[in-house]
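The values are calculated or read from the model by the stated rules, or taken from the named source; none is laboratory data. Only a predicted model underlies this, so the values are computations on that prediction, with no experimental measurement involved. As a convention, Cβ positions derive from the backbone with ideal geometry for all residues, glycine included, and neighbour counts pool all protein chains shown. For accessibility, only protein heavy atoms count, side chains too; no ligands or nucleic acids. Shrake-Rupley method; radii C 1.70, N 1.55, O 1.52, S 1.80 Å.
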Amino acid sequence: MRNIAVIGVGYVGLTTSACFADLGNRVVALDINEERIENLRKGIMPIYEPGLKEIVERNIQAGRLNFTTSYEEALRDAEFVFICVGTPSGVDGEADLRYVRMAAETIAKTMDHPLIIINKSTVPVGTGDWVSDIIKENQPKPIDFAVVSCPEFLREGTAISDFMNPDRTVLGSTNRAAADAVAQLHLPLRAPIMVTDLRTAEMIKYASNAFLATKISFINEMARICEALGADVKEVATGMGYDQRIGPRFLEAGIGYGGSCFPKDVQALAHMANIHGSNPQLLQAVMDINHGQRLHVIRKLEEILESFEQKIVGLLGLAFKQNTDDMRESPSITVAEYVHERGGIVRGYDPAAMANAKAIMPYLQTAKDPYELATGVDALIVIAPWNEFKQLDFVRIRDSMRQPILIDGRNLYDPDTMRQLGFTYRGVGRGYHNGKAD
Ligand code: NAD
Ligand code: UGA
């Protein structure tokens, strides 16, 4: 049992707090958002993440997990402090480090005993050294501390199992004893632990996200080529994936990647490269393809409808992917804006992200389920591939629509089945249909 403080209780911080508590440690989780902390104390989760509520409640009850807005309280007994605050995109795509700075300054001013400060936020290469400087500059009197980088690789929607079963733990530090102490904390996760210097650990995180984003843009480019040449990208991906050097994962063509990470992290890495005189050509192409892919999907519908004026378009799924309520950089926003700006009416349904979507897109009409969504619309577009969309009653849906047009931005459905049901169906990269690109 170790004493841990976690700063920031968003997707990463709350998962980290709950999982370390569940492993038997005593965790105090802190946020500057008072409402979040108040709600967490009552068992109300600030985010939708499957399985999280149960673990949080279990550990609150066991007395291993507490929530606070007070840095004094969080740091009082802490040996380890995890910084898990947001690092959103700032000017020119540069990571905005204001929350990291704020957290580091407050830790420095509050700490009254030696601490190991662990950076879990995704931060530009060099930030670990910068955090060390901030701590030194802001300590009222010198107290020992070490900074360790421990990038997080979890995905939203599967955060708990990703955290508990990581492929690897990466630790970066110039202080070997501190890195070893953090390694001990991670031993129950039984993953390979790699210890490196701070900058390399920070770079591993960016390179990993950039590579995954590259796989997605690669397969989306293949999808475009498949459309031009009459091949089926789903089968192409399956065929490629059997090659163990390639692997089957992250080769799903669709409407492009979104979320709080790939868009901002690829951009931040490109920015770092640019300002240091390296020309990130591949990263630029990855971002361009991704942006183009969102437009490519909505233009499939525009081609069929000719104009969006007075047309009602239903978005099936609004979050950036399934099993999350996160709307950050969701392709649904690009698609909705495109339709809205051209005089169309946008309606949406998502099992978890309705409130967040409505806050971003006040013009969005909401539906209580996929059937209400479909009633009277000119077209449906699949944005997020939630399980509950996989076996809908498509006869009922077809009969309730004004026009039976289905744009499948996630290749969720079988094109032939949908066409036999009477839909005008377009997937992504599904080869020719009637001699034309799908
Ligand atoms: P988030 O926006 O969900 O949560 C951040 C939290 O930090 C908020 O609750 C905010 O109120 C709090 N906060 C901000 N400043 C603070 C301060 N000074 N003191 C205390 N709390 C403060 O963010 P997130 O999605 O959890 O991401 C956090 C970091 O982890 C980012 O760098 C992100 O790139 C990285 N990351 C995210 C994921 C993911 O799936 N979301 C996965 C891996 C890594
Ligand atoms: C991603 C990474 O997968 C995590 O390892 C990382 O920790 C995290 O970013 C982060 O740094 O924050 P996440 O954004 O939660 O996790 O979700 P993913 O499952 O990676 O999906 C990202 C986007 O790519 C989604 O829009 C998804 O629909 C899309 N995607 C994913 C595809 O279009 N095709 C695929 O084959 C896979």
What ranking, highest mean first, results for peptides 423-429, 183-189, 307-313, 208-214 when packing means the other Cβ atoms within 10 Å averaged over each residue? 423-429, 208-214, 307-313, 183-189
If you take every DSSP beta bridge whose two residues both sit in the range 373-438, what share of them, in percent to the nearest 5, is antiparallel? 25
For the range 214-231, what does the Karplus curve 6.51 cos²θ - 1.76 cosθ + 1.60, with θ = phi - 60°, yield as ³J(HN,Hα) per residue in whole Hz, taken in order and with x for Gly and Pro? 5, 4, 5, 5, 4, 5, 5, 5, 4, 4, 4, 5, 4, 4, 6, 10, x, 10
Taking the Cα atoms only, what angle lies between the long axis of helix 98-110 and the longest principal axis of the chain, rounded to 10 degrees? 20
Taking all protein chains together and a probe of 1.4 Å, list Val125, Val233 from the most accessible to the least accessible. Val125, Val233
For Cα pairs less than 8 Å apart in space and 6+ apart in sequence, what is the mean separation divided by the residue count of the chain, i.e. the relative contact order in percent? 12
Of the options His186, His340, Ile312, report the single residue whose Cα projects farthest towards the positive end of the charge dipole of the chain (beta-carbon charges: Lys, Arg +1; Asp, Glu -1). His186
Could you do me a favour and compute the accessible area per residue for the range 3-196, 1.4 Å probe, result in Å²? 42
Qualifying lysines (Cα of each under 16 Å from Cα of Lys368; at least 8 residues distant if same chain): Lys358
Relative to the longest principal axis of the chain, what angle (0 to 90°, nearest 10) does the C-alpha long axis of helix 127-138 take? 40
To one decimal place, what orientation-averaged projected area in nm² is obtained for the convex hull of the Cα set of the chain? 21.8
Taking the convex hull of the alpha carbon atoms in the range 227-316, what volume per residue do you get, in Å³? 169
Could you run the Karplus curve 6.51 cos²θ - 1.76 cosθ + 1.60 with θ = phi - 60° over the range 118-124 and give me ³J(HN,Hα) per residue in whole Hz, x for Gly and Pro? 10, 8, 9, 4, 7, 10, x
So what is the calculated 222 nm ellipticity per residue for the chain, using -39500 (n - 2.57) for each DSSP H run with n of 4 or more, over all residues, to the nearest 500 deg cm²/dmol? -13500 deg cm²/dmol
Placing +1 at every Lys and Arg Cβ and -1 at every Asp and Glu Cβ, with all other atoms neutral, what dipole size does the range 161-292 have around its Cα centre, in debye to the nearest 20? 320
Largest first, what is the accessible-area ranking of Phe218, Phe394, Phe145 with a 1.4 Å probe? Phe218, Phe145, Phe394
I'd like to know how the range 229-437 sits against the 2.2 N^0.38 Å rule of thumb: what's its Cα Rg over that expected value? 1.05
Per-peptide average of other Cβ atoms within 10 Å, ordering 248-259, 94-105 highest first: 248-259, 94-105
In the chain the DSSP beta bridges are antiparallel at a rate, in percent to nearest 5, of 10
For the chain, the longest principal axis of the Cα atoms and the Cα long axis of helix 176-186 enclose an angle in degrees, to the nearest 10, of 50
Area of Asp144 that stays accessible when all protein chains are in place (1.4 Å probe, Å², to 10): 120
Hey, what do the phi angles of the range 161-168 turn into as Karplus ³J(HN,Hα) couplings, whole Hz, using 6.51/-1.76/1.60 and θ = phi - 60°, x for Gly and Pro? 5, 5, 5, 6, 10, x, 6, 7
Which value, in debye to the nearest 20, gives the size of the charge dipole of the chain about its Cα centre, when Lys and Arg are +1 and Asp and Glu are -1 at the Cβ? 440
Lys and Arg at +1, Asp and Glu at -1: add these up for the other residues within a Cβ distance under 14 Å of Met240 and post the number. -1
Within the range 304-438, the percent of DSSP beta bridges that are antiparallel, given to the nearest 5, stands at 10
Principal axis extents for the range 3-196, Cα atoms only, whole Å, descending order, please. 40, 38, 36
Under 5 Å between amide hydrogens, which residues at least 5 positions from Ala29 or on another chain qualify, with H placed 1.01 Å from N in the peptide plane? Val6, Asn66, Phe67, Thr68
Of all the accessible heavy-atom surface of the chain, with the other protein chains kept in place and a 1.4 Å probe, what percent is carbon and sulfur? 49
Past the 25 Å Cα-Cα mark, which pairs from Lys234/Lys300; Lys120/Lys321; Lys53/Lys109? Lys53/Lys109
